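Quick note: the coordinates plus some simple rules give every number you see, no bench work behind them. Quick caveat: nothing in here was measured; it's all calculated off a predicted structure. Positions of Cβ are backbone-derived with ideal geometry, glycine not excepted, and every protein chain shown enters the neighbour counts.
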Amino acid sequence: MSGTLYIVPTPIGNLADITYRAVEILGTVDAVLAEDTRQTKKLLDHYNIEKKLIPFHQHNEHKNLQMVISKLQAGENFAVCSDAGMPGISDPGYLLIREAIAHDLQVITLPGAVAAIVALVNSGLPCDTFVYEGFLPHKKGKQTKILNLLEEKRTTIFYESPHRIVKTLVMIKELLGEERKVCIGRELTKKFEEHIRGTVTEVLAHFELKDPKGEFVLLVGGYDSK
């Protein structure tokens, strides 16, 4: 019998935001593939789970891919964890999932937190249909990405660095207009969670008074959103 690959989402901030099932799976697999073993160890320690941790991130996933597939084929069970949220969503995991499926191995994905969805639902912007774009390009391609939203009717979700968020908002104002609706979800599920909503002009004014700190989800309303 082949083993099973479990995709286990982890809390995006508050360690209590994990399911009973996820804790059970983490405690019963043969090993945990972790984006950052130090970060995952904090979570396992919190729930008194002792488990072998194997580094599995963007710098070594190609090298370790076949090793994990071979162990799955031999009957071992693995859980995949990113630092926070759902593996594969702007985090390592996709390549392994694709390879496991190609080898007809069982893949089971557990439900759990995704920062983009948490921010979307809380934004007040339409969430019946939306676009997820992940991290904005640092330099080349950012303007093109934002220009593509000029007539986009759906809410668009980005991840952005606190060091770049103000410049990004300025670019949105210049390219999409000063009345375009935006929302920023900051430090989601953590002690200093904050949601800044309004026109891009209003949100920029907020950051003139307060330095951006923490982890950001940026949501841009569609051009005709009310």
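Rounded to the nearest 20, the size of the Cβ-charge dipole of segment 4-109 about its Cα centre is 120 debye, with Lys and Arg at +1 and Asp and Glu at -1. Within the same chain, lysines fewer than 8 places from K145 are excluded, and of the rest, those with a Cα less than 28 Å from its Cα are K153, K167, K173, K181, K210, K213, K226. In terms of Cα to Cα distance under 13 Å, which aspartates and glutamates are near enough to K139, apart from those fewer than 8 places away along the same chain? Within the straight-line cut-off, K139 pairs with E160. A Förster distance of 25 Å, applied to the separation of the beta-carbon atoms of Q39 and K210, puts the FRET efficiency at 0.35. Spatially, segment 1-76 and segment 141-160 are offset by 33 Å when compared through their Cα centroids. Using Cα extents along the principal axes in Å as the read-out, say which of [x] 57, 45, 30; [y] 59, 35, 30; [z] 61, 32, 31 was calculated from these coordinates. So the structure-derived entry is [y].
Each helix, a run of at least 4 DSSP H residues, gives -39500 (n - 2.57); summed and divided by the residues of the chain, these come to -10000 deg cm²/dmol at 222 nm. Here r is the Cβ-Cβ distance between K71 and L95 and R0 is 25 Å; the resulting FRET efficiency, rounded to 0.05, is 0.95.
In straight-distance terms, cross-link reach from K42 covers every one of the lysines whose alpha-carbon lies under 21 Å from its own, apart from those fewer than eight places away in the same chain; here that gives K51, K52, K190, K191. Choose one of P212, G93, N122: the residue whose Cα lies farthest towards the positive end of the charge dipole of segment 72-226 (beta-carbon charges +1 Lys, Arg; -1 Asp, Glu; about the Cα centre). The Cα lying farthest towards the positive end belongs to P212. Model label sites at N60 and E24, defined 7 Å from Cα along the beta-carbon direction, differ in position by 3.1 nm.
Peptides 134-146, 77-89 ranked from most to least packed, by the mean per-residue count of other Cβ atoms within 10 Å: 77-89, 134-146. Using θ = phi - 60° in the Karplus curve 6.51 cos²θ - 1.76 cosθ + 1.60, the 3J(HN,Hα) couplings for segment 29-46 round to 5, 6, 7, 10, 8, 10, 4, 9, 4, 5, 5, 5, 4, 4, 5, 5, 4, 4 Hz; x is entered for Gly and Pro.
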